[in-house]
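The values are calculated or read from the model by the stated rules, or taken from the named source; none is laboratory data. Nothing here was measured: the structure is a model prediction, and the numbers come from that model. Counting neighbours? That spans all protein chains shown, and the Cβs are built from the backbone with ideal geometry, glycine included. Only protein heavy atoms, including side chains, enter the accessible area calculation; ligands, DNA and RNA are left aside. Shrake-Rupley method; radii C 1.70, N 1.55, O 1.52, S 1.80 Å.
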Amino acid sequence: MAKGALSAKAPEERRELILRATVAVVRERGFAGTRVADIAEAAGTSQGLVLYHFGSLAGALDQALTLLEDEFYVDLERDLQEQKGPVERLRHMAELGTGLGPAVGDWRLWLEIWSRALHDDDARETRESLDRRWRAALRDVIAEGVTTGDFRSTDVDGAVVRLASLMDGLAIQLALEDPDMTADRFTDLWWEAARLELGMTAD
């Protein structure tokens with residue numbers, strides 16, 4: 001895309017194009033290796049326009065991840081309705097964690113947010129907001145399963161935190177391309193933990 005190609009576009013369209021360029025560049029180079037100039041070039045616009053919309057590189061990344069999450073949850077709501085019952089819904093969420101989702105499974109971007117959240121208040125707020133959203137979706141499915149009798153748990157909130165945290169830990173290994181962690185093993189390990197946590201039968 002030629003530089004300045006966004007100049008005639010509507011503000012919201014410009015914002016989205018910049019955010020998607022941010023995702024592409026950060027995926028490739030990492031946050032530390034990305035400059036505002038790189039995003040501007042990828043989006044076909046100026047550095048000034050990137051900063052006008054987002055204030056900083058960090059601001060662009062935070063909002064880019066939120067954009068992806070918004071799209072993810074639109075798809076997730078539809079997909080979960082297509083599954084037959086809470087067991088299948090939970091299994092679907094396990095499979096999404098391996099990388100099929102645009103944001104929850106895009107663990108390279110999550111690693112960038114996690115790292116920045118240690119030292120940056122805005123990144124910390126973004127991380128907390130996105131985690132709460134995923135845990136709420138997970139809790140809805142688990143609570144449904146307890147109501148239907150498919151799951152057994154006297155501590156739904158604790159189960160949600162344990163299973164969400166386990167997914168994060170497995171995701172680190174997957175994102176780092178650890179030779180002992182594959183997408184299939186990720187799903188199998190998490191599902192076995194969920195089965196034990198929620199008292200599901202082996203089949």
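Computed over protein heavy atoms with a 1.4 Å probe, the accessible surface of the chain works out to 52 Å² per residue. Estimated from helices alone, the mean residue ellipticity of the chain at 222 nm is -23500 deg cm²/dmol (sum of -39500 (n - 2.57) over DSSP H runs with n ≥ 4, per residue).
Projecting label points 7 angstrom from Cα along Cα→Cβ for Gln47 and Leu176 puts them 3.4 nm apart.
The heavy atoms of His53 present about 30 square angstrom of accessible area, all protein chains included, probe 1.4 Å. By the gyration tensor of its Cα atoms, with a ≥ b ≥ c the square roots of the eigenvalues, what is the shape of the stretch 1-95: rounded for a/c under 1.5, prolate for a/b over b/c, or oblate? It comes out prolate by the Cα gyration axes. At each listed q (0.10, 0.14 Å⁻¹), what is the log10 of I(q)/I(0) that the Debye formula gives for the chain modelled as equal alpha-carbon point scatterers? The Debye formula, applied to the Cα set alone, gives -0.48, -0.85. May I ask you to give the percent of accessible area on the chain that is carbon plus sulfur, with a probe radius of 1.4 Å? Here it works out to 49 percent.
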